1. Can you give me the distance in nm between label points at ALA29 and ASN16, each placed 7 Å from the Cα along the Cα-to-Cβ direction?
2. Mind checking the full-extension length gain between LYS41 and ALA67? Use 0.36 nm per residue of separation minus the Cα-Cα distance, one decimal, nm.
Amino acid sequence: MALDSLKESVKQLPDNLAKGAEVVASKVASVAGDVAEGAGKIVNQGAKGLFSGIGTPLIVAGGLVGAFLLLRRDKSPKE
């Protein structure tokens, strides 16, 4: 009876290892996702504190500079 049990365990070993690897990979991916999400929140909060109050003026200034660059013309004479 013990020998039959051992044979059956050996036959199912690859399937059991594959299932175990899937569970471990799933848990590692979940932890990595949680860590990345936490890091993203920290960076986002830091950026909000750093740029609070100057965001709108920067956007307006960027728009004006962009418009200037798009609308300027080459005033040199054409040959």
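What follows is calculated from the coordinates using simple rules that are stated; it is not laboratory data. Remember, predicted model here, so these are calculated numbers, not experimental data. Cβ atoms come from the backbone with ideal geometry, glycine included; neighbour counts cover every protein chain shown.
1. Taking the simple label geometry, ALA29 and ASN16 are separated by 2.5 nm.
2. On the way: separation 26, 0.36 × 26 = 9.36 nm, distance 3.34 nm.
Taking LYS41 through ALA67 to full extension adds about 6.0 nm, to one decimal.
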